[in-house]
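Notes to accompany the following structure.
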Amino acid sequence: MDPNGSRSLLSKEHLIYTITVPLSTSIILANLLIIVGIAWNRQLHNTTNYFFLSLLVADMFTGVALPFIPLMGLNRDLSFSSCLLAHVFPNFLFLAFLFNLVMVHYERFVCIVDPLHYSNLWMHRHFPLALLVVWTPPLLFASLPAFGWNDWAGPDWTHCCESSQNLTLLSNCSVNRTICCSYRRVFTDAFIYLEVYGIVLPAILIIAAMTGHVLRITRGQMKDICRLHRAVDRGGQASDQEHRLNLRYTRCVVAVSLTFLACWVPYLIYMHVCVAFLISDSSWSSTAHIVMSCIGIGSMAVVPLVLGLANKQYTEPAFKLLQKFRDRWRRSAKRAEEVSL
């Protein structure tokens, strides 16, 4: 095997793990914190929070799969089944996370837009069906390459078993019954275009549209409240409460905007850069693209954490539990100190 190629592959894998492992660990721990908070507080055991719990579980799995998603851009010597699993399973977890995110936004959108019919939503009346909707289609779509929609019979896009100058490596690949695993073998161009522009991008636009509509409704309701206050006070000047409402709304808009810029924009840039490199048929495993893929996927996985950590109902039980453990640890340490004295 070419030592330079091997060192290059190892350095790229090391870079991916260096970026993604700390980020993945943080995502998993933060999701576990919110999950414990929901499970600990029985008042939060309702359908709305069950949807959010499903999103947290999907996000936690996405955190687990996060180090493996950028590895799809590298050409590795793997067996047929391992190659399929290394591409299909992370893709399924990512799509399940995205479907859960859309479902949570839609459920909260209906709660604000049409609160009178909120309890009659089909998602509330048929909760198991709603879970099937957010988990089964991603699994079916992500599994299509395993059922034949792939490019195994196409030209060898990769470099680890194709070089005529390295017959030893080619022989090793044959003896070990491995293939040069590349995302181009697993995912056809049509599959990638369909996923990006038929599923992922529309889902992001739907979430953005629902969020914008909720902000407009909130703005209109706030104006109605301000008019009522002015009518009661019989004055034309804005009261302190109106200023506080305006300030709260402004903070909400700023928070939503910053969340979109910090979490969604990096992923959108990464997604379109990937498609551009796919069209140009260029190598995409450079350092810049690895960093972009790690940051892009990781930033989008932070969105549920922003929604969860901003709600004290979710975090307060977990913090109380952690405080109890901390107090017990301090008491035990103090007793151990007294015994030693």
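Laboratory data are not the source of any read-out in this text; all were calculated from the coordinates shown. Everything numeric in this text was worked out from a predicted model, so none of it was measured. With ideal geometry, Cβ positions are generated from the backbone for all residues, glycine too; neighbour counts draw on all protein chains shown.
If R0 is taken as 22 Å, the Cβ-Cβ distance between L15 and V273 corresponds to a FRET efficiency of 0.80. Between A336 and F127, take the C-beta separation as r, use R0 = 51 Å, and let me know the FRET efficiency to the nearest 0.05. Efficiency computed from Cβ-Cβ geometry: 0.55. Under 19 Å of direct C-alpha separation, and excluding same-chain neighbours fewer than eight residues apart, K334 reaches these lysines: K324. Within a straight-line Cα-Cα reach of under 29 Å, K223 can be paired with the following lysines, leaving aside sequence neighbours fewer than 8 residues apart in one chain: K312.
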